[in-house]
1. Using the reciprocal of the averaged 1/r over all distinct C-alpha pairs, how large is the Kirkwood radius of the range B:91-211 in Å?
2. Taking only the alpha-carbon atoms of the protein assembly as shown, what semi-axes of the equivalent ellipsoid follow from 5 times the gyration tensor eigenvalues under a square root, in whole Å, largest first?
3. Sorted from fewest to most neighbouring beta carbons within 10 Å, what does the list A:221, A:128 look like?
4. Partner chain Cβ atoms within 10 Å, averaged over the residues of B:105-114 - can you pull that number for me?
5. Please order B:180, B:135 by the number of other Cβ within 10 Å, starting at the fewest.
6. Shape call for the range B:39-120 from the C-alpha gyration tensor, a ≥ b ≥ c root eigenvalues: rounded (a/c under 1.5), prolate (a/b greater than b/c) or oblate?
7. Provide the descending list of Cα extents for the range A:6-71 along its principal axes, expressed in whole angstroms.
8. Apply the Debye scattering formula to chain B, with a single equal point scatterer on each alpha-carbon and no solvent, then give log10 I(q)/I(0) at q = 0.09, 0.14 Å⁻¹.
């Protein structure tokens, strides 16, 4: 797990998340190096998505800290208040997110979905933003979708539009929250291929996933969570060969990977 | 028509004026009320929710009396027309705030997650993302409310506004034909509300066609 610490892009330190008085994430620490793909796997309810959402404070951590490129992120004001959201904008510009249910803007075309934040967040002019959006859509094989509304596209296409939307903002890291869980199995391959492509280009990714094949083939590191804690993990090849804990072994057996 | 039905055009103008005036006051005033009701500060949101509750719990006519006879008695002299617009406008703001609030609640939480994760500032997020999705949700209840408001505007006749209802009353006193007079008045109210419903359907269809 230890590499050159100077290359650590994201450091999650002792982060906890509490829902209804119960710690769903319990003092978890995790590092992601620049250019690395880290997969978070584990049973449902393990706290994987909650942990992921703390990275850009869509979920306010109850304790612990988030560091990006060596700097701690400190939101101001009451969680959910305008001041709070405003204070996080600088951090969030650097972190892309791809959601399980895509969360595209349903009234905007695919192209407009990819353009809107470029214009209002990065201050690019419309022509420049459009050109960039088309390039990203093309890169993800979505040329024919550009003029369509999300509802007119398949699940696999919608998720790739969401990836294009994130990429167009040049994030330093992209968080993926179960990116294929809401997609027909036959269409999830096109999303996984897109993720593979990004990994090959050296884009830093933190991916919560149930796709063991993806974790095994694409991720550099695997983190296995259960009951709100990291209970196992390591370099992906080693982990899938020989998980060191009984809990991880049981999980991998249950999903037919061991 | 004005010869047959004394003062009809002026009355029509008063009814339409009160309705549109009160609607405008309500639509605008409801924005800060909604904003306050959604505040993360319990004091601010509590005050807004209390305002909505209080306004809706008191009969509209009592609000009109309070503003016309109460405030108008000395503190803030208002002509009947102005008092009617103010009273119905304040009442509208509470109802419209509830319409805005339920509309915002109907937008999936994932949209807010997307807005935040893209770091969209509040202004563009509202203009480009939330309002276009809010409009088709709030339009039908807003048009129903407008039709209700048109009918409530008849209460202004009690504080002395010469609106359709008041003119109907005056004419019935002189022509001694209440049935015919108020049938005509009723038909005029119907004639005014039909376009509101039609407009709402038209805009609704247009928005639906885009989605």
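Readers should treat all values here as calculations from the given coordinates under stated rules, not as data from a laboratory. Remember, predicted model here, so these are calculated numbers, not experimental data. So basically every Cβ, Gly included, is an ideal-geometry build from the backbone, and we count neighbours across all protein chains shown.
1. Evaluated over the range B:91-211, this radius sits at 17.4 Å.
2. Semi-axes (√(5λ), whole Å): 59, 24, 18.
3. A:128, A:221
4. Per residue, the number of nearby Cβ atoms from other chains is 4 on average.
5. Final ranking by Cβ density, sparse to dense: B:180, B:135.
6. prolate
7. Taking the Cα atoms of the range A:6-71, the three principal extents are 37, 24, 18 Å.
8. Ignoring solvent entirely, the Cα scatterers give -0.45, -0.92.
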